[in-house]
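Novice: Encoded as structure tokens, here's the structure I'll be asking about.
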Amino acid sequence: MTRKEMVFLVIILFFTFMYMWYLTASQFYVKNYEPVLKKEGLCSKVISPIWKKVDKCCLSYDEKYIYGGSENFRKTVDYQIKTCALKQGIEEKSTIALFYAVRLLGTPYIDTPWRWGYGYDFGGGYRDNL
């Protein structure tokens, strides 16, 4: 098996695993619970130290990620961080990588300290009632 085929296989397996996790985690949808503000999110902890230019973008971005919301709202917020980073002078290739990183890593179905809706206990998924 060539290196390219191996990389392709790993990518396919990874996304298959993520989809299976999504299907499993969506069964644990919690409807009524209050947010508990936790530590700062992915943008403030990881991205800001790398690119100081995006500090302003990260404050607004992490604030929205704390409370979460619908899947469409998350997509809008993720596009906003990309657009803001472009306006701050980050090159376009880097902002595209940033966008896909936050789309992949910010899923509410993996219990990370920076997931969508991280101000709430894990298990809330996307919430359309905001």
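Every number in this text was worked out from the coordinates using simple rules, so none of it is lab data. Keep in mind the model is a prediction, meaning the values are calculated, not measured. Glycine also receives a Cβ, built like all others from the backbone with ideal geometry; neighbour counts cover every protein chain displayed.
Novice: R0 = 25 Å: FRET efficiency of Phe8 with Leu105, Cβ-based, nearest 0.05?
Specialist: 0.75
Novice: Moving to a separate point now. Find, to one decimal place in angstroms, the Kirkwood hydrodynamic radius of region 78-130, where the mean of 1/r is taken over every pair of different Cα atoms and then inverted.
Specialist: For region 78-130, inverting the mean 1/r across all distinct Cα pairs yields 12.2 Å.
Novice: In nm, what is the difference between 0.36 nm times the number of residues separating Ile96 and Met1 and their Cα-Cα distance? Please report the intermediate quantities before stating the final value.
Specialist: Values: separation 95, 0.36 × 95 = 34.20 nm, distance 3.03 nm.
Stretched out fully, the Ile96 to Met1 stretch lengthens by 31.2 nm.
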